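S.K.: Before I ask anything, here is the structure I am working with.
Just so it is clear, none of the values below were taken in a lab; they were calculated from the coordinates. All figures in this text were calculated on a predicted structure; none of them were measured in a lab. Note that each Cβ is placed from the backbone with ideal geometry, even for glycine, and that neighbours are counted across all protein chains shown.
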Amino acid sequence: MRCASHLSQAAQRGQALVLGMLLAGLLSVALMRYFAVGQVAGARARQLHALDAAAYSGALVQARALNMLSHINRSQIAHQVAMAHVVTLASWAAFGSTQASRLARGNPPAYLIAMQFGPVHGAAYRAASRAAGLAGVGGSHGQLAAAYIAHERTVHDVLATSQEAIVTGLMDSRNHVIREVLALNYPESRPEDFILEVRRDTLPGYLRRFQDRGGARQGLRELTMRAAGHYRFLASRDNTAYNPWLVQPGCPHLRHELRRRGSTRLNRQGVWQSADTQSFHALRATRHVLCYFREYPMAWAWARGGQSRYMSGQQVQDVGGAEMAQFWNTVRKLQVLPIPGFSGNLAADRRARASAIRWQGRGLPDYYDVPAARALEALRFDLVLRRAGPDGTSIVTGGAAESFFDRPVARADARHERPHLFQPYWQARLAHAVAQREPE
């Protein structure tokens, strides 16, 4: 009996080892599978981080390009304001030179101006003698002309050309940076190992080239005029002085007038021009025309940076029928003007047009901005990256980023400001990926 029991126990030895070996095998398979899944998860996480870095870098390239375009637009405005100052300086130089010549001729004499309008105006008229010969400064070969031409070249040949290059090469630059970032995150891989797709790209058509010739709202011309309005030197120079005593009993409400007229303007063709005139208007009376003004031009100048038909601020043009044209021709010859109507310096304007300072100018340059139809649309793009993973798997990940306009400080008027290219407030951020990830 003992021998049979002993043999039975010996036969059962080693069965647990078989179960243990089976369990160990299953555990090894599970561990290997878990290890493979972990490798895939790690590869996916790495790919997601790399794609997010690449997408953000691409959006950052867009934001920096838009900020650069904004800086160029603001530089264009600064150069336009500088050109307005140069044109005005040329007008002032010619104005002083012609006034010095009239003073030297005594037509009208300085003592008459001082007697009629006070010592201040007389002293100002005499001071014009120091401006003799200044007309050459603003001539076609003068220093002011050279300064104006230098601004013109910078505006059209440097800034405008740079804007064009930035816009045309923006997409290629962004895509190149995206691939460079991916390559830096996978130094062990070759470029052909990546399959990168750009989807839902809103960059095409987001930037538009504008030709601002008519003063579009929030355009280059309108903003340039706003900037120029901050300078008193470019403001209106109109002023009229009257003598204090009665001149003609037939029109007791009228007096001799000393009319100073001047302005700096940007016309619809984008050309800066500046006009300055001054005339002594002596009040006269006849039997046919009860009261009229006899004009004695004292100074005149008209400077322009391009083609322009009329002087800045001119109020009388050669329009109307044959009778109207004959009337104005008579007025010009006699240098007289009836009381109703014109309040400028007709004879001085005519002389300013005849001796105008003409510089070559191309007007306002073209510029880039975000069209109003696209202003509410985000400048974004989606990326889909396919790359070979562990054990022959294919990992597909998606990412997205956008460039957006955001002021660092809210506007003082609390109004909403649409995205535009006149303030460098563009930034970059990651966005929710809308593109569908394809199955592995």
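S.K.: To the nearest 20 debye, what is the magnitude of the charge dipole of segment 155-281 about its Cα centre, counting +1 on the Cβ of each Lys and Arg and -1 on the Cβ of each Asp and Glu?
M.R.: 1060
S.K.: Measure off 7 Å from each Cα along the Cα-to-Cβ vector at Tyr186 and Asp406, then give the distance between these two points in nanometres to one decimal.
M.R.: The answer from the label model is 3.1 nm.
S.K.: Run through segment 216-250 and list the trypsin sites (Lys or Arg not before Pro) located in a DSSP loop whose Cβ has at most 10 other Cβ atoms within 10 Å.
M.R.: Sites meeting the loop and neighbour criteria: Arg217.
S.K.: I've got another one for you. Got a sec to turn the phi values of segment 105-115 into Karplus ³J(HN,Hα) couplings, 6.51 cos²θ - 1.76 cosθ + 1.60 with θ = phi - 60°, whole Hz, x for Gly and Pro?
M.R.: Computed from phi, the couplings for segment 105-115 are 7, x, 10, x, x, 5, 5, 5, 5, 5, 5 Hz.
S.K.: Right, something else. If I model a spin label at Leu430 and Glu222 as a point 7 Å from the Cα along the Cα→Cβ vector, what separation in nanometres do I get?
M.R.: 4.0
S.K.: If each residue's Cβ is checked for other Cβ atoms within 10 Å, how do Asp391, Asp349 rank with the fewest at the top?
M.R.: Fewest to most other Cβ atoms nearby, the residues stand as Asp391, Asp349.
S.K.: Another question about this same structure. Test of the criteria: in segment 142-228, which chymotrypsin sites (Phe, Trp or Tyr not before Pro) are in a DSSP loop and have at most 11 other Cβ atoms within 10 angstrom of their Cβ?
M.R.: Answer in residue order: no site qualifies.
S.K.: So the label point goes 7 Å from the Cα of Ala123 along Cα→C-beta, right? Which residues of segment 225-243 then have their backbone N under 15 Å from it?
M.R.: none
S.K.: Quick query: amide H of Arg237 versus all other amide H atoms, modeled in the peptide plane; which residues come in under 5 Å with a sequence gap of 5 or more or a different chain?
M.R.: Gly262, Ser263
S.K.: Still on this structure, please answer the following. Quick check for me: using +1 on Lys/Arg Cβ and -1 on Asp/Glu Cβ, what's the dipole size of segment 223-297 about its Cα centre, in debye to the nearest 20?
M.R.: That gives a dipole near 120 debye.
S.K.: Further question on the same structure: Calculate one ³J(HN,Hα) per residue across segment 402-415 by plugging θ = phi - 60° into the Karplus curve 6.51 cos²θ - 1.76 cosθ + 1.60, and present them in order as whole Hz with x for glycine and proline.
M.R.: 8, 9, 9, 9, 8, 5, x, 10, 5, 4, 5, 8, 6, 8
S.K.: With r defined as the distance between the Cβ atoms of Glu197 and Gln269 and R0 fixed at 35 Å, what FRET efficiency is calculated, to the nearest 0.05?
M.R.: Once the sixth-power term is evaluated, E becomes 0.15.
S.K.: Mind checking the dipole of segment 359-411: about its Cα centre, +1 per Lys or Arg Cβ, -1 per Asp or Glu Cβ, Debye to the nearest 20? Working shown, then result.
M.R.: Working: 7 positive and 7 negative charges, 23 e Å.
Computed charge dipole of segment 359-411: roughly 120 debye.
S.K.: Here is a further query. Between Thr240 and Ala104, what is the FRET efficiency for a Förster distance of 30 Å, r being their Cβ-Cβ separation, to the nearest 0.05?
M.R.: Working from the Cβ atoms, E equals 0.75.
S.K.: In whole Hz, what ³J(HN,Hα) sequence does segment 393-400 give by Karplus (6.51, -1.76, 1.60; θ = phi - 60°), x for Gly and Pro?
M.R.: 6, 10, 9, 10, 10, x, x, 7
S.K.: Next question, about the same structure. Can you work out the FRET efficiency for the pair Arg415 and Arg153, with r the C-beta to C-beta distance and R0 = 41 Å, to the nearest 0.05?
M.R.: 0.65
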